[in-house]
Ligand code: GDG
């Protein structure tokens, strides 16, 4: 095979777009979220195809709108349409009510409904059919995340030989938790049908290897380093860890623009040039937002001299809004914000400035640039890109990152960040106090370490290292395609 004939197909639950009504038709825009933020620049620069569900709520044929977006975006989009029942069973059910909570260690939030699993298998088969229709045996199929763990198995069952890789964006839980899953055998065996299975961190990979060896006794691990092998049943599967990252240069260049400087200055002025702390998260119980707000309350009680000196700007991006659990979480956050503000606010100052909306990227970058500290305190997170984006946008070099030890990013940023246990609200309050008083030299040294690491191990490094592990090819082996 000629090396330039290799095409890359990215497959994920959602296409990287958001759809909105525009007169009689539809307007298609690039979506939000970690996966999209991570892969869109890669596909834009290098070309490729993306297969995914365009989103629920419409029966229209979206093909013309997807084609128009493909031309603008620089890569092809292919939609996989799901019925309302499939959305309920596969997406809301199996993905969001079972895998998401279980893999983030929230086993008590799981709803183990057998029909959800049947729907999950049906939808994975549907995806496999679309993948097969848009690829040949020469292509590389790169499947993303927990919604599609059965995609490679379905391709094989349907009789299509493809080279396949899988990357899990969320954590892989410890064995004690994973073994509670009624479909643990099925999931492990399905994952082992990919040629390469990738995780965010060493810890996730270790958890997976332990589960695989416990559940499939004939498997033997071999090798050392970031990519090892699992051997058995006449097959060898590569298993690696590849910490995802951001397009460092794009973020830092955007932060450097005159527009960002002006917008950051406006933010500063609006807060009367006080010490700003930024928190930006999708609405999700894994992000630890209520615990963070409690830490702010503790801070202001324990260190009253910090009142009127600092404010937390907490941005919460709407997510899974139709799910009752998320509505309850939103209400809890909002009542805490008003309670804490009610407790401490004085004319001209309130401790928490809460925004429930999607900021555009320029606005987010301006907030990053204007903030002297970032509070990134998830209870569990695969990686957490906000932590890396904040560092990339910290042009002054004296920002402080307070980071949960349970975010995947902690493994890489532990030498620069102040690591905290997000459940320990007093410990988080102490870390904020420490960060506030940290001397300039230490701030600079810490931030420099983090920026150096993120710049070096950026999103292009991530794609390179995954594809290199997959079949010894790198980004330049995927030439831009005609769209
Ligand atoms: C999953 C895993 C893993 C946030 N607010 C706004 C906004 N954002 C963007 C950020 C960032 C992204 O959303 C969030 O990424 P995270 O990594 O924090 O989290 P998840 O969405 O849960 O992503 C996670 C990731 O996949 C990648 O593998 O790191 O652990 O859970 O990029 O910039 N973007 C805009 N406006 C906002 O208000 N435009």
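Is the stretch 248-456 rounded, prolate or oblate when judged by the Cα gyration tensor, a ≥ b ≥ c being the square roots of its eigenvalues, rounded requiring a/c under 1.5 and prolate requiring a/b larger than b/c? Could the numbers behind the result be given before it?
Working: a/c = 1.26, a/b = 1.20, b/c = 1.05.
It comes out rounded by the Cα gyration axes.
Restricting attention to the stretch 8-241, close to 40% of DSSP beta bridges with both partner residues there are antiparallel.
Just need the relative contact order of the stretch 8-241 here, percent rounded to a whole number, with Cα pairs under 8 Å and 6+ apart.
So the answer I get is 15 percent.
Listing 400, 376 from the residue with the fewest other Cβ atoms within 10 Å to the one with the most, what is the order? Working shown, then result.
Working: 400 26, 376 30.
Least crowded to most crowded, the residues run 400, 376.
Which angle from 0 to 90°, rounded to the nearest 10, does the C-alpha axis of helix 258-270 make with the longest principal axis of the chain? Long axis of 258-270 versus the principal axis of the chain: about 50 degrees.
Here the label points at residue 325 and residue 224, each 7 Å from Cα along the C-beta direction, are separated by 4.2 nm in the simple model. Compared with the dominant Cα axis of the chain, that is its longest principal axis, helix 63-73 is turned about 60°.
Between residue 445 and residue 345, the modelled labels are 4.1 nm apart [label points 7 Å from Cα along Cα→Cβ]. Pairs of Cα atoms nearer than 8 Å and 6+ residues apart set the relative contact order; for the stretch 49-158 it is 24 percent. Rounded to the nearest 5, what is the percent of antiparallel bridges among the DSSP beta bridges in the chain? Percent antiparallel among DSSP bridges in the chain is about 25.
Segment residue 24..residue 81, full-extension length gain: 18.5 nm, with 0.36 nm per residue of separation and the alpha-carbon distance subtracted. The distance between label points at residue 233 and residue 138 comes to 3.1 nm (points 7 Å beyond Cα on the Cα→Cβ vector). Here the gap between residue 67 and residue 111, fully extended at 0.36 nm per residue and compared with their Cα-Cα distance, gives a gain of 12.0 nm.
Put in line by how crowded their Cβ is, counting other Cβ atoms within 10 Å and starting with the fewest, 335, 108 read 108, 335.
Is the chain best put as rounded, prolate or oblate by its Cα gyration tensor, with a ≥ b ≥ c the root eigenvalues, rounded for a/c under 1.5, and otherwise prolate when a/b is larger than b/c, oblate when not? Numbers along the way, then the final one.
Values: a/c = 1.61, a/b = 1.52, b/c = 1.06.
Because a/c hits 1.5 or more and a/b exceeds b/c, the chain counts as prolate.
Using the rule -39500 (n - 2.57) for each DSSP H run of four or more residues, divided by the residues of the chain, the 222 nm mean residue ellipticity is -13000 deg cm²/dmol. Highest-first packing order for the peptide set 354-364, 169-179 is 169-179, 354-364, based on the mean count of other beta carbon atoms within 10 Å. Mean separation of Cα pairs under 8 Å and 6 or more residues apart, divided by the residue count, gives the chain a relative contact order of 15 percent. Oblate is the label for the stretch 71-112, because the ratio a/c of its alpha-carbon gyration tensor axes (a ≥ b ≥ c) is 1.5 or higher and a/b is not greater than b/c. The angle between the Cα long axis of helix 34-46 and the longest principal axis of the Cα atoms of the chain comes to about 60 degrees, rounded to the nearest 10. Going by neighbour counts of Cβ atoms within 10 Å, the residues 61, 49 line up, fewest first, as 61, 49.
Any read-out appearing in this document is the output of simple, stated calculations on the displayed coordinates, not a laboratory observation. The structure presented is a predicted model; accordingly, all values stated were derived computationally and were not measured. Using ideal geometry, Cβ is built from the backbone for each residue, glycine included, and neighbour counts are taken over all protein chains shown.
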